[in-house]
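A.B. asks: Input: one structure, supplied below.
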Amino acid sequence: QSATFANSVSVGSNPSTETRFLEIGAGRTGDGTSFIDLVGDTTYSDYGFRILRNNGGANTKTELLHRGTGNLEITAEESASMLLKTNNTTALTLASNQSATFASSVSAVDFTITTGKIESTSLNTGNLQVINPTSDIIYVGNDSTKLSLQSSELTASGAATFASSVTA
């Protein structure tokens with residue numbers, strides 16, 4: 001069954017401590033797609049933002065779909081951290097001070113930093129690319145002992161390769 005409402009709908013608007021919820025697709029006897037569409041303009045009259053659960057069974061994908069060229073923003077309006085979890089374990093924390101922390105180590109990946117700094121006790125195999133748009137100098141290390149790379153000092157290919165250990 002379906003229902004159409006010409007105006008706003010409020011669910012659980014009376015003051016209470018009871019749990020309120022909206023379930024879409026409850027009581028299914030087979031797999032099926034469920035979604036919520038938000039329409040806020042005349043360009044995308046079907047949806048501008050969609051929350052979708054596909055119909056591929058228990059391990060199907062879930063999607064957040066944003067249309068248009070405006071930003072898709074996820075905002076914590078107070079001083080809360082934001083967590084990205086996989087396997088019910090925190091993989092990435094964006095803290096309220098806007099620092100990012102990866103769980104344990106970053107490994108076997110290409111990692112790019114545009115500005116700022118990365119702090120990690122372990123950065124294993126893969127490529128680490130650091131881009132400083134305001135200078136051609138990049139520092140690696142702490143304040144007392146650091147390796148400095150400047151683009152004018154690198155090889156003609158613009159790359160520097162070091163052995164597994166470098167001593168001064």
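The values are calculated or read from the model by the stated rules, or taken from the named source; none is laboratory data. Small disclaimer: the values here were computed from a predicted structure and weren't measured. Every residue, glycine as well, gets a Cβ built from its backbone with ideal geometry; the counts of neighbours run over all protein chains shown. Note: accessible area is taken over every heavy atom of the protein model, side chains too, but ligands, DNA and RNA are not part of it. Shrake-Rupley method; radii C 1.70, N 1.55, O 1.52, S 1.80 Å.
A.B. asks: May I ask you to list the residues in the stretch 12-48 that are on the phi < 0 side of the Ramachandran plot and touching a Lys or Arg at 6+ places or on another chain (Cβ under 6 Å)?
C.D. replies: Result: S34, F35, D37, Y44, G48.
A.B. asks: Restricting to the stretch 42-55, name every residue that is within 27 Å of N7 (Cα to Cα), touching a Ser or Thr at 6+ places or on another chain (Cβ under 9 Å) and either open to solvent by 50 Å² or more (accessible area, probe 1.4 Å) or of a type in the set (K, R) (or both).
C.D. replies: Pass one, the stretch 42-55, residues within 27 Å of N7 (Cα to Cα): 42-53.
Pick out the ones that are also touching a Ser or Thr at 6+ places or on another chain (Cβ under 9 Å) and you get 51-53.
Correct list: I51, R53.
A quick yes/no check of all residues on (1) in a loop (DSSP other than H, G, I, E, B); (2) loosely packed, with under 10 Cβ neighbours inside 10 Å:
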residue	(1), (2)
S2	yes, yes
G12	yes, no
G40	yes, no
G57	yes, yes
L65	no, no
E73	yes, yes
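A.B. asks: Output the number of residues of the stretch 21-38 satisfying the condition of being farther than 21 Å from T4 by Cα and open to solvent by 90 Å² or more (accessible area, probe 1.4 Å).
C.D. replies: 3
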